[in-house]
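Below: one structure, written as structure tokens.
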Amino acid sequence: MTPATVKSGQPVEFQVSAADVNHGFGIYDENLVLIAQTQAMPGYTNKLIHTFDKPGKFKILCLEYCGLAHHVMITELTVE
Ligand SMILES: [Cu+2]
């Protein structure tokens, strides 16, 4: 994900696509509560606009079972 750091209080546009099969793109707060989500689909770019109201570390997890590596589809977003 580029960039991996965004600012709080400003809308962030996520452009989400996939290179192989359908995936889910879920953003979770520090308590692992889902706060925003969209689908990641091959050949299509979904736009998700979210404004983070506070700084912190957020997790991005795949929301749709996509294959054997589904459980390792995780990354972190820093909100300053
Ligand atoms: Cu998955």
Check your understanding: Just ILE27, ILE35, ILE60 to compare: in a GNM of the chain, with alpha carbon springs under 10 Å, which one fluctuates most?
Key -> ILE35
Review point. If the cut-off is 16 Å between C-alpha atoms, which aspartates and glutamates fall inside it for LYS47, apart from same-chain ones fewer than 8 positions away?
Key: GLU13
Exercise for review: Set the Förster distance to 30 Å, then compute FRET efficiency between ALA69 and ASN46 from the Cβ-Cβ distance, nearest 0.05.
Suggested key: 0.90
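Once you order the gyration tensor axes a ≥ b ≥ c over the Cα atoms, which shape class does the stretch 5-79 get: rounded for a/c under 1.5, otherwise prolate or oblate by comparing a/b with b/c? Numbers along the way, then the final one.
Numbers: a/c = 2.52, a/b = 1.48, b/c = 1.70.
Taking the square roots of the gyration eigenvalues as a ≥ b ≥ c, the stretch 5-79 is oblate.
Cut-off is 10 Å between beta-carbons; in what order do GLU64, GLU76 appear when sorted fewest neighbours first? Don't skip to the answer; put the middle values down first.
Numbers: GLU64 16, GLU76 11.
With the sparsest Cβ surroundings first, the list reads GLU76, GLU64.
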Check your understanding: Roughly how many debye, to the nearest 20, is the charge dipole of the chain about its Cα centre, given +1 on each Lys and Arg Cβ, -1 on each Asp and Glu Cβ, and no other charges?
Key -> 80 debye
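We did not get these values from a lab; they are worked out from the coordinates using the rules stated. Computed from a predicted model, the values in this text were never measured in an experiment. For neighbour counting, all protein chains shown are included, and Cβ atoms are generated from backbone atoms with ideal geometry for every residue, glycine included.
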